[in-house]
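Please read the structure below before turning to the comments.
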Amino acid sequence: MTESDQRSGVADDRSGRSDATGAERIVVSYPAALSEAGRRQLEKRSFRSYLHKTHDEARAGDVWEEFVGVGCGTTRDVSLRIERVDGGAEVTDETTIGYAPRDDGELEDR
């Protein structure tokens, strides 16, 4: 819970988990076939923020099915796989996200 949450009385719904320690860093892999435009989208602050907000926990081997804009109004379904988690399983606003390509995975048009 952040200091501002404590002052405002906002409860942190993640505190009841068995592994409530925040992850310092996670490494997420994406299919190497993802275009350069798709990779740029992954690196954007807005996409990282989206991942922080939509995924409460990350464990090595987890797969997150996401769609990524790849330019000209086209999106691709992308399987993001958690390769490594440093620290606990909880994804917090302070968790840094690193990316790495992997040689498997197909991409689909949306």
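Each peptide among 53-65, 73-85 gets the average number of other Cβ atoms lying within 10 Å of its residues, and from highest to lowest they stand as 73-85, 53-65. In the stretch 30-70, taking the dipole from charged Cβ atoms about the Cα centre, the farthest positive-side position among P31, L42, A58 is held by L42. Apply the a/c threshold of 1.5 to the C-alpha gyration tensor of the stretch 21-109 and tell me whether it is rounded, prolate or oblate. It comes out prolate by the Cα gyration axes. On full extension, the segment bounded by E43 and E83 gains 12.7 nm, given 0.36 nm per residue less the C-alpha separation. As a calculated quantity, the FRET efficiency between C72 and Y50 at R0 = 22 Å, using C-beta atoms, amounts to about 0.60.
Applying 1/(1 + (r/R0)^6) with R0 = 25 Å to the Cβ-Cβ distance of E57 and A100, what FRET efficiency is obtained, to the nearest 0.05?
Efficiency at R0 = 25 Å is approximately 0.80.
Each reported figure results from applying straightforward, stated rules to the coordinates on display, with no laboratory input. Quantities reported herein were computed from a predicted structural model and do not represent experimental measurements. Note: ideal-geometry Cβ built from the backbone for every residue, glycine included; neighbour counts use all protein chains shown.
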